[in-house]
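Student: Supplied in C-alpha coordinates, the structure appears directly below.
The values are calculated or read from the model by the stated rules, or taken from the named source; none is laboratory data. All values derive from a computational prediction rather than experimental measurement. When we count neighbours, we look across all protein chains shown, and the Cβ atoms used for this are built from the backbone with ideal geometry, even at glycine.
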Amino acid sequence: MEKLLNEQVVSQISQTFEQMKEPVQILFFGSQDNCEYCADTRQLLEEVASIDEKVSLSFYDLQDNADMASKFNIDKVPAIVIAGKDGDQVTDFGIQYSGIPAGHEFGTLINDIVLVSGRDSGLSAEAREYLKNLDKPLHLQVFVTPTCPHCPRAVLLAHQMAMENPAMIRAEGVEATEFPELANQFNVRGVPQTVINAGMGTVVGAMPEKNLLAEIMRAVN
(Lines give C-alpha, C1' and ligand atoms only; values in the text may rest on other atoms or scores of the structure.)
Protein backbone atom coordinates (compact mmCIF):
# COMPACT_ATOMS: atom_id res chain seq x y z
CA MET A 1 0.00 0.00 0.00
CA GLU A 2 1.30 3.41 -0.93
CA LYS A 3 2.12 5.67 2.02
CA LEU A 4 0.15 8.90 2.45
CA LEU A 5 3.01 10.67 4.27
CA ASN A 6 6.38 11.09 2.59
CA GLU A 7 9.70 10.87 4.44
CA GLN A 8 10.06 14.64 4.75
CA VAL A 9 6.65 15.01 6.42
CA VAL A 10 7.34 12.06 8.73
CA SER A 11 10.63 13.67 9.74
CA GLN A 12 8.87 17.01 10.51
CA ILE A 13 6.21 15.25 12.60
CA SER A 14 8.89 13.29 14.43
CA GLN A 15 10.61 16.56 15.40
CA THR A 16 7.29 18.06 16.54
CA PHE A 17 6.53 14.96 18.61
CA GLU A 18 9.78 15.48 20.54
CA GLN A 19 7.77 18.08 22.54
CA MET A 20 5.38 15.36 23.75
CA LYS A 21 5.22 14.76 27.49
CA GLU A 22 2.54 12.18 28.31
CA PRO A 23 1.13 9.32 26.18
CA VAL A 24 -1.81 9.98 23.86
CA GLN A 25 -4.58 7.60 22.74
CA ILE A 26 -6.22 8.20 19.36
CA LEU A 27 -9.63 6.56 18.92
CA PHE A 28 -10.76 6.11 15.33
CA PHE A 29 -14.43 5.49 14.56
CA GLY A 30 -15.34 4.20 11.12
CA SER A 31 -18.08 2.25 9.38
CA GLN A 32 -18.46 -0.37 6.66
CA ASP A 33 -21.39 1.58 5.23
CA ASN A 34 -21.23 4.71 3.10
CA CYS A 35 -18.00 6.12 4.48
CA GLU A 36 -15.97 7.50 1.61
CA TYR A 37 -13.05 8.72 3.70
CA CYS A 38 -12.87 6.05 6.43
CA ALA A 39 -10.12 3.96 4.82
CA ASP A 40 -7.88 6.96 4.09
CA THR A 41 -8.46 8.44 7.54
CA ARG A 42 -7.57 5.15 9.18
CA GLN A 43 -4.40 4.81 7.10
CA LEU A 44 -3.40 8.39 7.88
CA LEU A 45 -3.81 7.79 11.63
CA GLU A 46 -1.88 4.51 11.44
CA GLU A 47 1.04 6.29 9.77
CA VAL A 48 0.99 9.13 12.33
CA ALA A 49 0.75 6.74 15.31
CA SER A 50 3.72 4.72 14.06
CA ILE A 51 6.01 7.79 14.26
CA ASP A 52 6.24 7.93 18.05
CA GLU A 53 5.71 5.29 20.74
CA LYS A 54 3.84 7.81 22.91
CA VAL A 55 0.97 7.69 20.41
CA SER A 56 -1.44 4.70 20.54
CA LEU A 57 -4.31 4.03 18.18
CA SER A 58 -7.50 1.98 18.58
CA PHE A 59 -10.25 1.26 16.04
CA TYR A 60 -14.01 1.13 16.50
CA ASP A 61 -16.97 0.59 14.23
CA LEU A 62 -19.90 2.98 14.64
CA GLN A 63 -22.43 0.11 14.50
CA ASP A 64 -20.49 -2.80 16.04
CA ASN A 65 -19.06 -0.70 18.89
CA ALA A 66 -22.17 1.40 19.52
CA ASP A 67 -21.45 1.55 23.26
CA MET A 68 -18.03 3.17 22.67
CA ALA A 69 -19.49 5.53 20.07
CA SER A 70 -22.15 6.56 22.57
CA LYS A 71 -19.60 7.00 25.37
CA PHE A 72 -17.62 9.44 23.22
CA ASN A 73 -20.71 11.07 21.64
CA ILE A 74 -19.80 9.87 18.13
CA ASP A 75 -22.69 10.02 15.65
CA LYS A 76 -20.91 10.35 12.27
CA VAL A 77 -17.84 8.89 10.59
CA PRO A 78 -14.98 9.06 10.07
CA ALA A 79 -14.47 10.42 13.58
CA ILE A 80 -11.32 10.92 15.63
CA VAL A 81 -11.01 11.35 19.39
CA ILE A 82 -7.68 12.51 20.83
CA ALA A 83 -7.52 11.33 24.44
CA GLY A 84 -4.94 11.02 27.20
CA LYS A 85 -3.46 7.64 28.04
CA ASP A 86 -2.25 6.86 31.54
CA GLY A 87 -1.43 3.18 31.82
CA ASP A 88 -4.65 1.39 30.89
CA GLN A 89 -6.70 4.49 31.65
CA VAL A 90 -7.99 6.53 28.69
CA THR A 91 -8.91 10.11 29.62
CA ASP A 92 -11.46 11.87 27.42
CA PHE A 93 -10.68 15.58 27.01
CA GLY A 94 -13.71 16.30 24.81
CA ILE A 95 -11.44 16.69 21.76
CA GLN A 96 -12.91 15.38 18.51
CA TYR A 97 -12.63 15.72 14.78
CA SER A 98 -15.27 14.61 12.26
CA GLY A 99 -13.98 13.93 8.76
CA ILE A 100 -10.53 13.32 7.32
CA PRO A 101 -7.91 15.77 8.67
CA ALA A 102 -6.55 16.65 5.23
CA GLY A 103 -4.85 19.78 3.90
CA HIS A 104 -4.44 22.45 6.59
CA GLU A 105 -6.38 20.28 9.04
CA PHE A 106 -3.57 17.74 9.10
CA GLY A 107 -1.64 20.32 11.13
CA THR A 108 -4.58 20.48 13.56
CA LEU A 109 -4.32 16.73 14.14
CA ILE A 110 -0.60 16.97 14.93
CA ASN A 111 -1.09 20.02 17.18
CA ASP A 112 -3.96 18.26 19.01
CA ILE A 113 -1.72 15.30 19.79
CA VAL A 114 0.96 17.59 21.24
CA LEU A 115 -1.69 19.61 23.14
CA VAL A 116 -3.19 16.52 24.80
CA SER A 117 0.24 15.12 25.56
CA GLY A 118 1.05 18.30 27.54
CA ARG A 119 -2.17 17.91 29.60
CA ASP A 120 -2.46 21.71 29.68
CA SER A 121 -4.82 23.93 27.68
CA GLY A 122 -2.50 26.92 27.59
CA LEU A 123 -5.47 29.30 27.95
CA SER A 124 -5.54 32.56 29.91
CA ALA A 125 -6.38 32.52 33.63
CA GLU A 126 -9.73 34.21 32.92
CA ALA A 127 -10.77 31.58 30.36
CA ARG A 128 -9.66 28.71 32.59
CA GLU A 129 -11.61 30.10 35.52
CA TYR A 130 -14.84 30.49 33.56
CA LEU A 131 -14.65 27.13 31.75
CA LYS A 132 -13.68 25.15 34.86
CA ASN A 133 -16.76 26.43 36.68
CA LEU A 134 -19.15 25.89 33.79
CA ASP A 135 -22.17 23.93 35.04
CA LYS A 136 -24.09 23.73 31.73
CA PRO A 137 -23.10 21.55 28.75
CA LEU A 138 -21.15 23.32 26.02
CA HIS A 139 -20.81 21.86 22.52
CA LEU A 140 -18.49 23.70 20.13
CA GLN A 141 -18.61 22.64 16.46
CA VAL A 142 -15.96 24.31 14.33
CA PHE A 143 -16.74 23.95 10.63
CA VAL A 144 -13.65 23.85 8.45
CA THR A 145 -12.38 22.88 4.99
CA PRO A 146 -8.97 21.42 4.08
CA THR A 147 -8.06 24.51 2.02
CA CYS A 148 -8.72 27.07 4.78
CA PRO A 149 -5.47 28.42 6.32
CA HIS A 150 -7.21 30.12 9.29
CA CYS A 151 -9.29 27.07 10.29
CA PRO A 152 -6.67 25.18 12.34
CA ARG A 153 -6.39 28.08 14.80
CA ALA A 154 -10.16 28.08 15.40
CA VAL A 155 -10.31 24.30 15.92
CA LEU A 156 -7.33 24.30 18.25
CA LEU A 157 -8.84 27.07 20.40
CA ALA A 158 -12.09 25.09 20.78
CA HIS A 159 -10.06 22.00 21.69
CA GLN A 160 -8.05 23.97 24.26
CA MET A 161 -11.33 25.05 25.86
CA ALA A 162 -12.66 21.48 26.06
CA MET A 163 -9.54 20.44 27.97
CA GLU A 164 -10.47 22.71 30.87
CA ASN A 165 -13.75 20.91 31.60
CA PRO A 166 -14.31 17.79 29.47
CA ALA A 167 -17.21 16.69 31.67
CA MET A 168 -19.14 19.72 30.40
CA ILE A 169 -17.42 20.71 27.14
CA ARG A 170 -17.13 18.88 23.85
CA ALA A 171 -15.24 20.52 20.99
CA GLU A 172 -15.50 19.08 17.51
CA GLY A 173 -13.81 20.07 14.28
CA VAL A 174 -16.22 19.30 11.43
CA GLU A 175 -15.09 18.98 7.82
CA ALA A 176 -17.92 20.96 6.19
CA THR A 177 -17.69 19.41 2.71
CA GLU A 178 -17.98 15.87 4.13
CA PHE A 179 -21.06 16.70 6.22
CA PRO A 180 -22.97 19.16 3.99
CA GLU A 181 -26.35 18.57 5.64
CA LEU A 182 -24.94 19.60 9.00
CA ALA A 183 -23.21 22.62 7.46
CA ASN A 184 -26.50 23.65 5.81
CA GLN A 185 -28.41 23.13 9.05
CA PHE A 186 -26.21 25.78 10.70
CA ASN A 187 -26.09 27.97 7.60
CA VAL A 188 -22.32 27.70 7.21
CA ARG A 189 -21.34 30.10 4.42
CA GLY A 190 -17.71 30.69 5.29
CA VAL A 191 -15.08 28.87 7.32
CA PRO A 192 -14.00 28.68 10.03
CA GLN A 193 -17.41 28.96 11.65
CA THR A 194 -17.85 27.98 15.28
CA VAL A 195 -21.38 26.91 16.23
CA ILE A 196 -22.11 27.01 19.97
CA ASN A 197 -24.73 24.63 21.44
CA ALA A 198 -26.45 23.81 18.14
CA GLY A 199 -26.90 27.43 17.09
CA MET A 200 -27.39 29.31 20.39
CA GLY A 201 -24.30 31.25 19.34
CA THR A 202 -22.14 31.51 16.23
CA VAL A 203 -18.73 32.97 15.54
CA VAL A 204 -17.38 33.34 12.00
CA GLY A 205 -13.62 33.54 11.48
CA ALA A 206 -10.67 32.65 13.68
CA MET A 207 -11.48 34.73 16.76
CA PRO A 208 -9.11 35.65 19.57
CA GLU A 209 -9.74 33.70 22.77
CA LYS A 210 -11.50 36.56 24.58
CA ASN A 211 -13.98 37.13 21.70
CA LEU A 212 -14.96 33.45 21.55
CA LEU A 213 -15.27 33.35 25.33
CA ALA A 214 -17.60 36.37 25.29
CA GLU A 215 -19.85 34.68 22.69
CA ILE A 216 -19.85 31.44 24.70
CA MET A 217 -20.88 33.33 27.87
CA ARG A 218 -23.71 35.00 25.94
CA ALA A 219 -24.91 31.72 24.35
CA VAL A 220 -24.72 29.65 27.54
CA ASN A 221 -26.54 32.23 29.65
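Conditions (1) closer than 21 Å to ALA154 by Cα; (2) assigned by TED's automatic domain parsing to the domain that holds THR194; (3) among the aromatic types (Phe, Trp, Tyr); (4) surrounded by fewer than 19 Cβ atoms within 10 Å (Cβ to Cβ), marked per residue:
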{"residue": "PHE59", "(1), (2), (3), (4)": "no, no, yes, yes"}
{"residue": "LEU62", "(1), (2), (3), (4)": "no, no, no, no"}
{"residue": "ASP75", "(1), (2), (3), (4)": "no, no, no, yes"}
{"residue": "PRO78", "(1), (2), (3), (4)": "yes, no, no, no"}
{"residue": "ALA83", "(1), (2), (3), (4)": "yes, no, no, no"}
{"residue": "GLY103", "(1), (2), (3), (4)": "yes, no, no, yes"}
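Student: Condition first: among the β-branched types (Val, Ile, Thr) and part of a strand (DSSP E or B). Now tell me which residues in region 90-105 satisfy that.
Tutor: If the condition is that a residue be among the β-branched types (Val, Ile, Thr) and part of a strand (DSSP E or B), then VAL90, THR91, ILE95 are the ones that fit.
Student: Sticking with this structure for a sec: Residues of region 31-67 being of a type in the set (Asp, Glu), within 29 Å of ASN6 (Cβ to Cβ) and not in a helix (DSSP H, G or I), which ones?
Tutor: Answer for region 31-67, where residues must be of a type in the set (Asp, Glu), within 29 Å of ASN6 (Cβ to Cβ) and not in a helix (DSSP H, G or I): GLU36, ASP52, GLU53.
Student: Another one. State all residues of region 68-89 that are in a helix (DSSP H, G or I) and of a type outside the set (A, V, I, L, M, F, W, C); if no residue qualifies, say none.
Tutor: SER70, LYS71
Student: Still on this structure, please answer the following. Restricting the first residue to region 93-119 and requiring it to be more than 26 Å from MET168 (Cβ to Cβ) and modelled with pLDDT of 95 or more, which pairs with a second residue that is assigned to a loop (DSSP other than H, G, I, E, B) and among the polar types (S, T, N, Q) meet a Cβ separation below 8 Å and a spacing of at least six or different chains?
Tutor: That search, which allows pairs on different chains as well, returns GLY103/THR145; GLY103/THR147; HIS104/THR147.
Student: Looking at ALA176, ALA162 in this structure, which one is without any contact (Cβ under 8 Å) to a residue 60 or more places away in the chain and hydrophobic (A, V, I, L, M, F, W, C)?
Tutor: The unique qualifying residue is ALA176.
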